[in-house]
Amino acid sequence: MVKTSPDRCAVCKSRSTGLICGLSTGARDRLEQDRTTHVFRRGQPIFYAGAPAQALYVVRSGRVKVFRTWRGGEEQVLRLLGPGELLGYRPLLANEPYVAGAEAVEDSTLCIIPAATVRELMRDVPGLALELLAKLARELRLSEDLMMDLIHRPIRQRAARLLLNLFEDNQRAAEPTILRSQHLRRQDMARMIGTTPETFSRVLRGFAQRGIVTLARDRICIRDHALLHQVAGEPPK
């Protein structure tokens, strides 16, 4: 981790997409006094499960994965986050340790805001507290949707919905229609939808035969979004 001189929030490229970044001028000025900016190299941990939640992290650039490690060392990727996204806010609000770890999957720049500053801003800026509650509610819904998917949806539909979610998270990347294995391995994708890597690979090959995706050793390129939505059982956006 390398500490850098932070740019002002007003000129940050992620400001339009970030919840914290959209604060009023006065609140943002207070935030700028306390935050620090750090560069995390690819593969470098940002925080560990079990560590005290002492800060809120905002992804300024790059990609970060959030994961949990089970007994035996098996890793379960929970989320893949890009610019503007927040890390560590749920345990911070609950005053609990981190239950998951976070790691940079490419060189990434993050703003780190002390927990005390976040709590002060929440007391003084009611809109911020409401936004964080709304974000918590949305993520709870996603967790519930995932649970129902694992119980009721066939594997092809689960795989299509996963690709759509990853594609949506990838919109601010340089190549938004390409999912690279350096960011998320196919075995991680398989675990995210409760199947084996072998079964997930067979489903991907089926998608490729239908022209929905193009497969290479290190990437998945989405070609037909409308058909992918159809397989997922969702209306195109």
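The values are calculated or read from the model by the stated rules, or taken from the named source; none is laboratory data. Since the model is a prediction, treat every value here as computed from it, not as a measurement. Note that each Cβ is placed from the backbone with ideal geometry, even for glycine, and that neighbours are counted across all protein chains shown.
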In region 71-90, residues that are within 13 Å of the chain's Cα centre (by Cα), in a loop (DSSP other than H, G, I, E, B) and within 13 Å of Gly101 (Cβ to Cβ) total 1
Go through the residues of region 179-186 one by one and say whether even a single one is over 21 Å from Leu146 (Cα atoms) and free of Cβ contacts under 8 Å to residues at least 60 places away in the same chain.
-> yes
If you go through Gly73, Gly88, the only one that is of a type outside the set (D, E, K, R) and farther than 23 Å from Glu144 by Cβ is Gly73
The residue that is surrounded by the fewest Cβ atoms within 10 Å (Cβ to Cβ), considering only those in region 93-116 that are at pLDDT below 90 and in contact with a Lys or Arg (Cβ under 8 Å, 6 or more places away or on another chain), is Glu106
Only unsatisfied item for Ile155, checking (1) exposed (fewer than 11 other Cβ atoms within 10 Å of the Cβ); (2) in contact (Cβ under 8 Å) with a residue 24 or more places away in the chain; (3) β-branched (Val, Ile, Thr), is (1)
Apart from one, (1) crowded, with 17+ Cβ neighbours inside 10 Å; (2) in contact with a Lys or Arg (Cβ under 9 Å, 6 or more places away or on another chain); (3) modelled with pLDDT of 90 or more all hold for Ser201; the odd one out is (1)
Scanning region 97-138 residue by residue, those part of a loop (DSSP other than H, G, I, E, B) and over 20 Å from the mean Cα position of the chain (by Cα) turn out to be Val125
Yes/no for Gly194 being at pLDDT 90 or above, among the small types (Gly, Ala, Ser) and either in the same structural domain as Glu85 (by TED's automatic domain parsing) or at positive phi (or both): no
Filter region 23-41 for residues that are modelled with pLDDT under 90 and of a type in the set (Lys, Arg); the one that is surrounded by the fewest Cβ atoms within 10 Å (Cβ to Cβ) is Arg30
Next on the checklist: For region 207-223, check the following and say yes or no: at least one residue is touching a residue at least 40 places away in the same chain (Cβ under 8 Å), hydroxyl-bearing (Ser, Thr, Tyr) and either at positive phi or surrounded by fewer than 17 Cβ atoms within 10 Å (Cβ to Cβ) (or both).
Outcome noted: no
